[in-house]
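The values are calculated or read from the model by the stated rules, or taken from the named source; none is laboratory data. Keep in mind that this is a model prediction, so the values were computed, not measured. Note: ideal-geometry Cβ built from the backbone for every residue, glycine included; neighbour counts use all protein chains shown.
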Ligand SMILES: Cc1cc2nc3c(=O)[nH]c(=O)nc-3n(C[C@H](O)[C@H](O)[C@H](O)COP(=O)(O)OP(=O)(O)OC[C@H]3O[C@@H](n4cnc5c(N)ncnc54)[C@H](O)[C@@H]3O)c2cc1C
């Protein structure tokens with residue numbers, strides 16, 4: 001068996017980790033000169049998105065033996081709407097680093113692998129078909145396989161515009177903004193790396209009415225205003241990914257779609273490392289003949305569909321309605337959705353179908 005993994009992001013590296021457990025050493029091709037995301041930013045895992053799994057890092061360890069260390073626990077999540085602000089407290093998730101940093105999740109995973117990673121290399125699909133018995137497509141963009149395999153009715157662009165900034169922050173407190181004047185249908189996020197450094201990100205699906213620099217500038221002033229301080233921008237980044245909704249199939253012959261290639265990223269919230277690692281690992285179990293990939297994906301498919309329904313509702317919500325929602329978060333029964341083990345978002349998504 002000869003396995004090629006195209007893309008050394010979280011999904012590709014997780015697939016390699018599980019394959020190695022079964023004595024299969026894949027060859028990993030990475031088009032850049034390092035593993036993982038080109039944006040060196042802090043990202044978040046929110047427990048509410050993976051319920052009933054509360055701590056996804058603990059889950060990766062117990063389910064797959066993948067030990068990864070997050071950066072900080074999230075103890076406070078502040079929501080800012082046009083005229084309101086509420087902070088939820090509790091064990092809400094964690095932050096982690098992506099990109100080139102030694103402690104980034106990709107670098108942590110890479111250090112656990114023996115498999116060869118060939119950098120600055122991007123072989124064509126046909127070349128891989130000629131030379132390998134199994135191919136894992138882990139390039140982080142579902143638009144590419146969607147066009148390749150002809151299911152691109154749901155293409156959309158997700159714009160991620162951001163900057164690493166310096167200022168005074170509370171490292172366990174993430175802050176989310178919703179303001180249609182700045183990012184229509186999207187939202188902004190401040191993720192502290194430490195008490196003096198943070199990543200500022202705007203996730204803007206399908207926007208085209210403002211260019212990224214204008215969005216970042218408007219968002220920057222909004223953040224300074226909310227925090228009552230002038231923060232200093234260190235480096236800016238913007239990235240556009242062509243994505244699709246979840247692909248109707250997870251493999252074509254011996255070619256596996258994993259992570260964002262499978263279409264697991266939702267336009268809102270714009271993540272999910274959880275599904276990237278999960279799908280990478282599940283594909284490897286199938287290659288090693290230990291489990292059926294599509295069967296393993298079934299619960300995840302249901303969840304993505306439910307969250308997508310939620311997303312559609314959230315996108316169409318007006319700013320004044322969002323103000324009311326943020327106010328409602330002050331009420332104990334509403335706040336409890338962050339603390340229950342039940343997967344409230346999926347249940348709500350089902351009801352909205
Ligand atoms: C700016 C930003 C902020 C984010 N914030 C969050 C967050 O807060 N929380 C969260 O859970 N998720 C977040 N995400 C999403 C999360 O990072 C992704 O869902 C996850 O990394 C997807 O993993 P992946 O393996 O599918 O793709 P990626 O991590 O994108 O990895 C793909 C790899 O393939 C390589 N590649 C691409 N094309 C080729 C090719 N043709 N040949 C060879 N190699 C190739 C790329 O260089 C890259 O290394 C964010 C993403 C971005 C960009």
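So residue 198 ticks every box in (1) more than 16 Å from the ligand (Cβ to nearest atom); (2) surrounded by 14 or more Cβ atoms within 10 Å (Cβ to Cβ); (3) closer than 28 Å to residue 322 by Cα but one. Which box is left unticked?
(1)
Hey, can you tell me all the residues within segment 148-172 that are in contact with a strand residue (DSSP E or B) (Cβ under 6 Å, 6 or more places away or on another chain) and surrounded by 18 or more Cβ atoms within 10 Å (Cβ to Cβ)?
Across segment 148-172, the qualifying residues are 158, 159, 160, 161, 162, 163, 164, 165, 169, 171.
Are any residues in segment 283-298 more than 12 Å from the ligand (Cβ to nearest atom) and within 9 Å of residue 258 (Cα to Cα), and if so, which ones?
Restricting attention to segment 283-298, the residues satisfying the condition of being more than 12 Å from the ligand (Cβ to nearest atom) are 284-298.
Within segment 283-298, no residue meets the criteria.
How many of the residues making up segment 195-230 are in contact (Cβ under 8 Å) with a residue 40 or more places away in the chain, part of a loop (DSSP other than H, G, I, E, B) and either within 21 Å of residue 39 (Cβ to Cβ) or within 17 Å of the chain's Cα centre (by Cα) (or both)?
So the answer is 2.
Given the conditions (1) in a strand (DSSP E or B); (2) surrounded by fewer than 19 Cβ atoms within 10 Å (Cβ to Cβ); (3) at pLDDT 95 or above, and given that residue 91 satisfies all but one, which numbered condition is not satisfied?
Only one criterion in (1) in a strand (DSSP E or B); (2) surrounded by fewer than 19 Cβ atoms within 10 Å (Cβ to Cβ); (3) at pLDDT 95 or above is unmet by residue 91, namely (3).
Per-residue answers, yes or no, for (1) within 10 Å of the ligand (Cβ to nearest atom); (2) at pLDDT below 95; (3) surrounded by 16 or more Cβ atoms within 10 Å (Cβ to Cβ); (4) not in a loop (DSSP other than H, G, I, E, B):
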| site | (1), (2), (3), (4) |
| --- | --- |
| 13 | yes, no, yes, yes |
| 16 | no, no, yes, yes |
| 28 | yes, no, yes, yes |
| 52 | no, yes, no, no |
| 67 | no, no, no, no |
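Tell me which of these residue 295 doesn't satisfy, since it passes every other one: (1) closer than 20 Å to residue 53 by Cα; (2) at pLDDT 80 or above; (3) over 15 Å from the mean Cα position of the chain (by Cα); (4) buried (at least 18 other Cβ atoms within 10 Å of the Cβ).
(4)
Test residue 3 against the criterion of being closer than 21 Å to residue 278 by Cβ, more than 14 Å from the ligand (Cβ to nearest atom) and in contact with a strand residue (DSSP E or B) (Cβ under 9 Å, 6 or more places away or on another chain), and give yes or no.
Against the criterion (closer than 21 Å to residue 278 by Cβ, more than 14 Å from the ligand (Cβ to nearest atom) and in contact with a strand residue (DSSP E or B) (Cβ under 9 Å, 6 or more places away or on another chain)), residue 3 qualifies.
Specify the residue that is farthest from the ligand (Cβ to nearest atom); the eligible residues are those in segment 34-50 that are out of contact with any strand residue (DSSP E or B) (no Cβ under 7 Å at 6 or more places or on another chain) and within 14 Å of residue 272 (Cβ to Cβ).
Looking at the filtered set, the residue picked out is 48.
For (1) in contact (Cβ under 8 Å) with a residue 40 or more places away in the chain; (2) more than 23 Å from residue 276 (Cα to Cα); (3) part of a loop (DSSP other than H, G, I, E, B), each residue gets a yes or a no:
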| position | (1), (2), (3) |
| --- | --- |
| 135 | yes, no, no |
| 144 | yes, no, no |
| 148 | no, no, no |
| 161 | yes, no, no |
| 164 | yes, yes, no |
| 171 | yes, yes, yes |
| 175 | yes, yes, no |
| 185 | yes, yes, yes |
| 190 | no, no, no |
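Are any of the residues in segment 278-288 part of a loop (DSSP other than H, G, I, E, B) and either at pLDDT 95 or above or in contact with a helix residue (DSSP H, G or I) (Cβ under 6 Å, 6 or more places away or on another chain) (or both)?
Yes, segment 278-288 contains a residue that is part of a loop (DSSP other than H, G, I, E, B) and either at pLDDT 95 or above or in contact with a helix residue (DSSP H, G or I) (Cβ under 6 Å, 6 or more places away or on another chain) (or both).
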